[in-house]
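What follows draws every value from the coordinates through simple rules; no lab data is involved. Keep in mind that this is a model prediction, so the values were computed, not measured. Ideal geometry is used to build each Cβ from the backbone, glycine not excepted, and the neighbour counts take in all protein chains shown.
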Amino acid sequence: LDLNRSTRFSAEDFVESSSNAEAVRQLNSWPNWHGGVLTLVGPEGSGKSHLAKIWQDRVGAVRWQPLQANSLQLLLGKPVLIEGDVDQVPDETLFHLINMAANTGGGLLITDRTLPSNWPTNLPDLRSRLNAMPVVEIEEPDDVVLEEVIRKFFRERNIRPTDDLLPYLLRRIERSVPKAQEIVARLDEAADATQRPISRALARQFRPVLRRCPGRAAARAHRIGI
């Protein structure tokens, strides 16, 4: 059976480490953001959506939708989240949302992969605001985050991997939570299909999916032939 497992974005499921600690601190400082605005920037799979959802649930933020472009007054005095689709927000609408964020009870959190200073716009007033927008960057997940989320994904499937599997995956897996979830799912499927335990030996079948990550750990693994 193909049992779809939705991604959980609860605060309890978030793993904090040095790669995201500053982002967590900044989000927790709302409503004391400069101008009521903050942009959370980071690569795909770094946890932006998870952190944004935690903030949204905590403060009762309204997620911006394209249909809201003509009803901005309904968002006045409310925190607003633009999650991953800022390029779909018309320039004038984004300009007004930034201005509205400074009102009592307001706020604006935007997530994106690139800095606001790099977002295209033909509106001079918006350009100046984007250039001055407060930004906090979240790094790619480090080993602390990846190890814990891999363990969590295995626990969700009632799987107890062999002791040598996690170190093997951490040396090779892409620095991305979705990719970690993908490899756990593929290992689970392969184990069911072959009636084998989920182990390092099974993971070696997925070498094209796994890539060596830069750094001393990967270089050492290469030298000793792991």
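A cut-off under 15 angstrom between Cβ atoms defines the neighbours of V59, and their net charge, with Lys, Arg +1 and Asp, Glu -1, is +2. In this label model, T114 and R25 are separated by 2.9 nm, measuring between points 7 Å along each Cα→Cβ vector. Applying 1/(1 + (r/R0)^6) with r as the Cβ-Cβ distance of E44 and I159 and R0 = 22 angstrom yields a FRET efficiency of 0.30. Our estimate of slack between T104 and H34, defined as 0.36 nm per intervening residue step minus the Cα-Cα distance, is 23.9 nm. Between E92 and L123, the modelled label-to-label distance comes to 0.8 nm, taking each label 7 Å out from Cα in the direction of the beta carbon.
Across the range 34-101, C-alpha contacts under 8 Å between residues 6 or more apart give a mean separation that, scaled by the residue count, equals a relative contact order of 35 percent. Calculated translational diffusion coefficient of the range 26-180 (10 °C, 1.306 mPa s; Stokes-Einstein with Kirkwood radius over alpha-carbon pairs) equals 93 µm²/s.
Computed over the range 89-147, the percent of Cα pairs more than 16 Å apart is 52.
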